[in-house]
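Take a look at the structure below.
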Amino acid sequence: TVGTQTDYRDGEAQTDPYSPEYVVLGGSFHELLTLATLTWGRGLPAGLAEVEMIERAREKRAWEAALPPMNDASQITKRRKMMAAMERKEWAFREQEIEKLQEVQMKVLKKLLEKQQKNQNELYSKRLDDHWQKHQKAKEEKFKKIQHDCALMLRKLVAKRKNVIGKLERRDIIKEYTDFSSQTYAPLSRIGFFPDNHSERYVVKNFYINTFAGLCELEASLPDSVTQVKIKAPKPKYITTGYIRRSARLEVELAQVHEALLKKKKVKEPKKPLHVLEKVEKPVPHPPTPILEKKSIEEEEKELAVICLQKLLRGRAIQNMMFEEKEKRLDLIRELRTTHALQEDKQLLLKAEKQMTLALQQQRDLQMHKVRLLEKHLAREEGRVLANIFDFLSKELVRLQEERKIHAFVMLAERQRRMREAEESGRRQEEERQRQEDDEIFRQAREGDWRDLHQSSIDSYLEDIILSSMENTAEEQARKEIQRMAVEINDIAYEMESRRTRLQSEEIVAELVYNFLIPEAEKMSVREKVRQSQRKHTYAAHRIIHSGTE
């Protein structure tokens, strides 16, 4: 009793499969109801993962049924063991799921790394091609310069070869005036002729232009059509609300060209990589299916009347369309009728129509000639505007390129400064770490002595006391012996000093200089030479490292 009508195909209007409502009786259990959470597109139709999930649910229900009851105290241990085994099984299954997820993430990460490496290689190849193109351009410019210099030198050599002996030739006036490239017509400034000098002699001097009386006489001789010009404003092709200035039109054209360039340069932004999984968006719910209500008899009669009126309107529209087509092809109909015109009156009418057609054709040709002239002038103005626009855009492009170069130089300088700061901070951190290690070693050594003292036995303590007393005694005896020997040596030295002559003093000084100062100076010179030889290797290594980091 209910009918529906749609303008779409069944495939385009397809909805989710129908799920009827259900009622569960008390005390009954249906396995199918455990899958109520699965919907179309989110688990249905079921795949391998869904089948495994169903099998696990069945096993868990069987395990729960096999568990001993809670009220039986003798089966508590068995129940705990079964629950522990099931928990271990669940954890093992979860670990497998995590491993599968990690494998999927690893595959996605590998694909992203391969894509990044591919893009990096393409970027490197593009930079290499740009570098090669730049070198090729420099090579071509150098080759052109060499060719230009070669042609110049060849011309000079040919000019010198014409008069090798250096004989003086008489001037050939006829040949100079017949050759338009001679010095008569095109003199060179390097031989003393400057065409800009005495240019006032070529200025046109006229009575009618240079004097006020001449201007008045010239104005009186001109007709009124020259002094009083009537300008007829042309009709615009497009209706505008007001006058548009030339600068405004240029700004609009520049904006249109700029938008077109931006659309060409616009590149689609790449999609951001997924971190873990892609979020599945829920589909938009479909609108409810419309229900057509049954109409009454009066509404059906109205609908039939409307349909009849539509038929009448469509018939009238088709009749008007046929009349318009007949009017459009009236010339063809008349031409067909002229083939059957045999009377004299009709022949005279044909001649008159022919003359009228020729006159209209001439008038049309004249009008087309005027239109072509107007289009020619418009095309010239458009070309001038486009030339100005392209000149402005080329200058803007050069300016942007220079700004990018300057920005790149600033970034390189900033990067080098940061690298130096990082090296200095790393060196400072290394020194601080070494100092902390030395302090820790000293602290541990000092604490270790006290720890050994407290943990050692009484015998070792006494042995340490005896050894320390022996060392102190030996040290005091050695110090006394050294002081006694120093006094004796000092007395001997004073005695030798009193007996030494000037020649012996100079010999001692020379020996000291030869044994201490000269070897030290030689060592310093050798160190400096080694440092100089190693500096070039260090500079090459630094250059390689900086180029690699860049």
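The values are calculated or read from the model by the stated rules, or taken from the named source; none is laboratory data. The structure displayed is predicted, hence computed values, not measured ones. Using ideal geometry, Cβ is built from the backbone for each residue, glycine included, and neighbour counts are taken over all protein chains shown. Note: accessible area is taken over every heavy atom of the protein model, side chains too, but ligands, DNA and RNA are not part of it. Shrake-Rupley method; radii C 1.70, N 1.55, O 1.52, S 1.80 Å.
Residues considered: 88, 42. Of these, the only one that is among the basic types (Lys, Arg), out of contact with any helix residue (DSSP H, G or I) (no Cβ under 9 Å at 6 or more places or on another chain) and under 30 Å from residue 290 (Cα atoms) is 42. Here the condition is being part of a helix (DSSP H, G or I) and open to solvent by 100 Å² or more (accessible area, probe 1.4 Å); of 331, 391, 365, it holds for 331 alone. Before we move on, is residue 422 closer than 30 Å to residue 254 by Cβ and either part of a helix (DSSP H, G or I) or open to solvent by less than 100 Å² (accessible area, probe 1.4 Å) (or both)? Answer is no for this residue. Quick one: is residue 74 of a type in the set (Ser, Thr, Tyr) and surrounded by 10 or more Cβ atoms within 10 Å (Cβ to Cβ)? Considered against the rule, which asks whether it is of a type in the set (Ser, Thr, Tyr) and surrounded by 10 or more Cβ atoms within 10 Å (Cβ to Cβ), residue 74 comes out as no.
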